[in-house]
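Colleague: A single structure is presented below for examination.
The values are calculated or read from the model by the stated rules, or taken from the named source; none is laboratory data. Model, not experiment: these values are computed from the prediction. Ideal geometry is used to build each Cβ from the backbone, glycine not excepted, and the neighbour counts take in all protein chains shown.
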Amino acid sequence: MIKNYKKKFILSKGLDDYFTGIHNAFTFTARFFSEAFKRPFHLREIINQCFEVGLKSLALISLTGFIVGTVFTKQSRPSLEDFGATSWLPSLIGIAIIKALGPLVTALICAGKVGSGIGAELGSMKVTEQIDAMEVSSINPFKYLVVTRVIATTFTIPVLALYCSFVALYGSYLNVHAEETSSMISFYQSAFKTITFLDIATSVIKTLVYGFTIGIVGCYKGFYASQGTRGVGKAANQAVVLAMFLIFIEEVIIVQVSNWIRYF
Amino acid sequence: MEKIKQQIIDKEEQVISITGLYKSFGDLNVLKGIDFNLSKGENIAVLGKSGSGKSVLIKIIVGLLKPDKGDVVVLGKQVEKLNTKELNELRLHIGFSFQSSALYDSMNVYQNLAFPLTMNLKTLSRKEVDDAIYEVADNVGLKDKLKQMPSDLSGGQRKRIGIARTLILKPEIMLYDEPTSGLDPVTSTEIIDLIKEVQQQYNTSSVIITHDLTCAKNSANRIAMLVDGKFLKIGNFEEVFDTDNEQVKGFFNYNFIQ
């Protein structure tokens with residue numbers, strides 16, 4: 001029977017797969033929105049996933065945030081010193097971290113840690129028929145596995161990003177303090193002096209979008225995993241690569257839109 | 001007149017009725033006109049080579065796959081015409097035991113058994129859930145394994161827990177996908193005995209997908225031989241294997257050697 005198997009493609013296999021993939025991704029995302037507002041809400045599972053995403057990423061986010069703040073301060077100081085403008089260092093660091101680095105670094109770390117974890121977990125459940133087992137038990141696997149995880153990433157990653165920004169600023173403060181004695185309060189005041197409400201709002205909106213992207217991409221890749229254990233690895237890998245790619249595109253779009261809003 | 005009456009009674013007692021079922025994947029025709037009925041309280045074993053479409057058949061029965069053509073009537077409902085809600089209601093009456101057991105890795109045995117129950121019957125008290133779990137775990141002989149993770153269980157124990165998880169909703173129909181595959185002869189015999197016990201204790205009707213002749217002969221009332229996408233013969237063991245068909249004879253010899 002297998003000898004007779006020959007699939008017909010409309011264009012070519014690559015193009016067919018590409019467009020089918022885009023269609024499936026949009027259908028998957030649309031299904032999320034249609035199911036997210038229907039009962040049951042599986043609140044316990046959402047809280048459990050928030051714990052998985054948030055608390056378990058905290059150590060990594062803390063370390064990375066601290067290093068980003070320290071390194072960025074060390075790199076910026078010599079340039080500012082040339083112009084005698086080291087007093088601007090807290091403001092520069094504040095703008096860079098709160099507006100760009102904090103959300104982006106958190107999103108990229110979570111894409112690697114959380115996105116790949118979700119892709120691998122759901123991929124593994126798919127190839128071992130655990131998702132089918134849920135379905136035949138009259139449990140909606142999309143609702144229980146996908147909706148809960150996407151909600152968890154969407155609302156946990158903004159919190160992690162804010163936390164990352166504060167830790168990065170603290171790392172920066174320690175660096176500034178080592179060079180020239182200053183109080184933490186005056187450092188944070190200087191850092192936030194040039195930050196507006198729109199900047200904070202943009203950062204929060206950005207991280208909501210990143211969180212959603214990481215969750216939906218991880219779930220999509222895991223949910224459609226195939227080819228056994230190889231497929232699980234592929235799903236985890238693709239979840240990271242695609243999520244990171246989309247995060248960079250979203251970063252550009254959101255910054256552009258926020259700039260337009262600022263000018264109006 | 002008596003014959004017609006008997007036919008009507010028989011039809012009423014049929015829990016699964018399949019007529020003219022076709023299913024293909026791309027150009028690969030897997031099922032090419034399947035017809036069969038399953039009566040209440042009956043066990044039927046579907047025998048066939050790997051890749052012959054046995055698992056596809058039960059996945060269509062439970063609504064995991066859609067047929068290309070044909071009627072699949074389960075407990076009086078045409079499966080392919082049901083909406084999601086109706087299908088989920090029907091699935092509460094069908095137990096599906098997977099070849100790989102499909103136990104949830106992240107949950108222990110107790111949570112695996114509790115999951116379908118608590119998700120579907122939310123009004124149950126904690127005590128009622130506990131009682132149901134202890135009862136079903138006792139019935140499959142694994143009451144002492146409730147706190148263990150699936151990875152700590154042997155293949156036979158995983159199969160038993162997989163069956164227990166489906167039994168917890170007290171289904172009318174059981175679908176077993178390769179229940180004895182990958183098990184040693186002693187454990188296979190235990191699983192076969194369990195299938196018979198389930199039939200008697202829970203009064204279930206079962207479709208047993210297998211390529212194990214011992215399992216088919218000992219656990220089923222009838223055997224259906226699936227060859228080239230069609231049932232070559234349906235009947236008791238002797239009827240099915242009393243044939244000159246080379247594929248059936250080859251299957252018999254293969255199993256005999258095994």
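Colleague: Out of the residues in segment A:138-147 meeting the condition of being within 11 Å of chain B (Cβ to nearest Cβ) and among the aliphatic types (A, V, I, L, M), tell me which one is nearest to B:LYS159 (Cα to Cα).
Modeller: So, considering only residues that are within 11 Å of chain B (Cβ to nearest Cβ) and among the aliphatic types (A, V, I, L, M), the one nearest to B:LYS159 (Cα to Cα) is A:ILE139.
Colleague: Name, by its number, the condition in (1) of a type in the set (A, V, I, L, M); (2) surrounded by fewer than 17 Cβ atoms within 10 Å (Cβ to Cβ); (3) under 16 Å from A:ALA243 (Cβ atoms) that does not hold for A:VAL71.
Modeller: All conditions are met except number (3).
Colleague: Within segment B:189-213, track down each residue that is surrounded by fewer than 21 Cβ atoms within 10 Å (Cβ to Cβ) and either touching a Cys at 6+ places or on another chain (Cβ under 7 Å) or hydroxyl-bearing (Ser, Thr, Tyr) (or both).
Modeller: B:THR189, B:TYR202
Colleague: Identify the single condition in (1) modelled with pLDDT under 95; (2) exposed (fewer than 12 other Cβ atoms within 10 Å of the Cβ); (3) among the aromatic types (Phe, Trp, Tyr); (4) not in a loop (DSSP other than H, G, I, E, B) that A:PHE9 does not satisfy, given that it satisfies every other one.
Modeller: With (1) modelled with pLDDT under 95; (2) exposed (fewer than 12 other Cβ atoms within 10 Å of the Cβ); (3) among the aromatic types (Phe, Trp, Tyr); (4) not in a loop (DSSP other than H, G, I, E, B) applied to A:PHE9, the lone miss is (4).
Colleague: Taking the residues in segment B:61-90 that are without any contact (Cβ under 8 Å) to a residue 12 or more places away in the chain and within 12 Å of another protein chain (Cβ to nearest Cβ) as candidates, determine which candidate is nearest to B:ASN29 (Cα to Cα).
Modeller: B:LEU64
Colleague: OK, next. For the list (1) in contact with a Gly (Cβ under 9 Å, 6 or more places away or on another chain); (2) crowded, with 17+ Cβ neighbours inside 10 Å, I need the number of the one condition that A:THR194 fails.
Modeller: (2)
Colleague: For residues that are at pLDDT 90 or above and exposed (fewer than 12 other Cβ atoms within 10 Å of the Cβ), scanning just segment A:12-37, find the one that is nearest to the other protein chains (Cβ to nearest Cβ).
Modeller: Looking at the filtered set, the residue picked out is A:SER34.
Colleague: Residues of segment B:31-42 being assigned to a loop (DSSP other than H, G, I, E, B) and either within 14 Å of chain A (Cβ to nearest Cβ) or among the small types (Gly, Ala, Ser) (or both), which ones?
Modeller: Within segment B:31-42, B:GLY41 is the sole residue that qualifies.
Colleague: When both residues are 6+ apart or on different chains and their Cβ atoms are under 7 Å apart, which pairs have a first residue that lies in segment B:147-173 and is more than 12 Å from chain A (Cβ to nearest Cβ) and touching a residue at least 24 places away in the same chain (Cβ under 8 Å), and a second that is surrounded by fewer than 21 Cβ atoms within 10 Å (Cβ to Cβ) and among the small types (Gly, Ala, Ser)?
Modeller: B:GLY155/B:GLY182; B:ARG160/B:GLY141
Colleague: Also, I was wondering about something else. Any residue in segment B:200-210 that is among the small types (Gly, Ala, Ser), in contact with a Leu (Cβ under 6 Å, 6 or more places away or on another chain) and in a strand (DSSP E or B)?
Modeller: There is at least one residue in segment B:200-210 that is among the small types (Gly, Ala, Ser), in contact with a Leu (Cβ under 6 Å, 6 or more places away or on another chain) and in a strand (DSSP E or B).
Colleague: Condition test on A:THR154, is it under 24 Å from A:GLU250 (Cα atoms) and within 14 Å of chain B (Cβ to nearest Cβ)?
Modeller: In short, no.
Colleague: Could you please find all residues in segment A:149-163 being buried (at least 24 other Cβ atoms within 10 Å of the Cβ) and more than 17 Å from A:ILE247 (Cα to Cα)?
Modeller: Answer for segment A:149-163, where residues must be buried (at least 24 other Cβ atoms within 10 Å of the Cβ) and more than 17 Å from A:ILE247 (Cα to Cα): A:ARG149, A:ALA152.
Colleague: Hey, does segment A:56-75 have a residue that's within 14 Å of chain B (Cβ to nearest Cβ), within 27 Å of A:VAL146 (Cα to Cα) and modelled with pLDDT of 90 or more?
Modeller: No, segment A:56-75 contains no residue that is within 14 Å of chain B (Cβ to nearest Cβ), within 27 Å of A:VAL146 (Cα to Cα) and modelled with pLDDT of 90 or more.
Colleague: Further question: Within segment B:178-199, track down each residue that is on the phi > 0 side of the Ramachandran plot and in contact with a Leu (Cβ under 7 Å, 6 or more places away or on another chain).
Modeller: none
Colleague: At least 2 residues that are over 30 Å from B:ASP228 (Cβ atoms) in each: list the helices (runs of 4 or more DSSP H) lying fully within segment B:43-123 that qualify.
Modeller: B:84-91, B:109-120
Colleague: (1) within 12 Å of another protein chain (Cβ to nearest Cβ); (2) part of a helix (DSSP H, G or I); (3) in contact with an Asp or Glu (Cβ under 9 Å, 6 or more places away or on another chain): which one isn't true of B:ALA137, the others all being true?
Modeller: (1)
Colleague: Can you pull out the residues in segment B:91-118 that are facing chain A (nearest Cβ under 9 Å) and buried (at least 21 other Cβ atoms within 10 Å of the Cβ)?
Modeller: Answer for segment B:91-118, where residues must be facing chain A (nearest Cβ under 9 Å) and buried (at least 21 other Cβ atoms within 10 Å of the Cβ): B:ARG91, B:ILE94, B:GLY95, B:PHE96, B:PHE98, B:SER101, B:ALA102, B:LEU103, B:PRO116.
Colleague: In addition: Looking only at segment A:97-137, count every residue that is within 14 Å of another protein chain (Cβ to nearest Cβ), part of a helix (DSSP H, G or I) and not polar (S, T, N, Q) and tell me the total.
Modeller: Here the count works out to 15.
Colleague: Examine segment A:208-226 for a residue that is in contact with a Lys or Arg (Cβ under 6 Å, 6 or more places away or on another chain), touching a residue at least 40 places away in the same chain (Cβ under 8 Å) and charged (D, E, K, R), and state whether such a residue exists.
Modeller: no
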